[in-house]
Amino acid sequence: MVILLSRHLGIEAKSMLDPSAPLRLKDFGACKYKKRAGTSIDELRLSRVIASRAAQLAAAALERPYLPVPAVTDLRQQILENAPWVGLKELLDICWSHGIPVLHVNNFPKDVKKPDGVTMNVAGRPVIVLCREESQPSWLSFILAHELGHIAGGHIADNSTLLDEKVQDNELDPEETEADRFATELLTGNASTGIYTDGRWPNANDLAELAVQFGKRNQVDPGHVVLNYAHTMGPNFFPVARAALKQLFPTADAIDIVRNRAAASLDWEQLPESSSEFLMRITRQESDE
């Protein structure tokens, strides 16, 4: 894998194996790093370059033209015409139908800091790269909707990149706030952060039941209701939320959903064999062994 990365990113293999060695990376244009205060740009630079190269290749392997993202109310209504709520599969459908490739890339070298998501504008075509490792679709749904918010908000210039280290960790950043509001409204119909909480601390079973009831009444993915409830209650509540999600979706594999859609939607023959191999490896379409 190191040799493959070295060849495609223009990095000396020796420097990738030695954490103390400086990395000389290809120029992939400007990048907005939406990061935590304690994280340096250098810690995110390699993951950004890998995600950017994946985005470039995905853009080259899709012939469908890019259609601009409509207003969030129109986008939500468009999805709800054929679905009970806005979930991960529905978001993937709308992205690919608008000519926006969505990849999941988490095959990074050891000890590389991974962002939640990266969006690159490749010659006028946005490409979204999800990097967070979560089996539950609702986690990736919010990140994907957030990245769509950056696209709709015009936050990414042509041939540049925006990297979100941790979505919802940059509340003081106006672009992050705008993307969060877009995502929340797209998923729930309401731009307010807290869509449901009665202030009590339910157990996982009760929370799962509440999420299903609320979701059906309001056309909101029950998984998102659970995460929204946890976000309102605070970080100590997330173990309960994870247990509730496990009850709701015991066999969920969100990463596989994203991978399978990309595998079926890209025209792999448009890429040289070495580029196709690189993209397959870093999206884990094939084994490293």
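The values are calculated or read from the model by the stated rules, or taken from the named source; none is laboratory data. What you see is a predicted model, and the numbers here were worked out from it, not measured in a lab. Cβ atoms come from the backbone with ideal geometry, glycine included; neighbour counts cover every protein chain shown.
Here are the criteria: (1) under 22 Å from the mean Cα position of the chain (by Cα); (2) at pLDDT 95 or above. Tell me which single one A204 does not satisfy.
Failed condition: (1).
Residue by residue through the range 130-163, note down the ones that are assigned to a helix (DSSP H, G or I) and in contact with a strand residue (DSSP E or B) (Cβ under 8 Å, 6 or more places away or on another chain).
Hits for the range 130-163 are L140, I143, L144, H146, E147, L148, H150, I151.
Go through the range 1-103 and tell me which helices (runs of 4 or more DSSP H), entirely inside it, have 1 or more residues that are at pLDDT 95 or above and in contact with a strand residue (DSSP E or B) (Cβ under 6 Å, 6 or more places away or on another chain).
Passing ranges, in order: 41-60, 88-97.
Looking at the range 263-283, is at least one residue under 21 Å from the mean Cα position of the chain (by Cα), closer than 15 Å to A211 by Cα, in a helix (DSSP H, G or I) and among the aromatic types (F, W, Y)?
For the range 263-283, residues under 21 Å from the mean Cα position of the chain (by Cα), closer than 15 Å to A211 by Cα, in a helix (DSSP H, G or I) and among the aromatic types (F, W, Y): absent.
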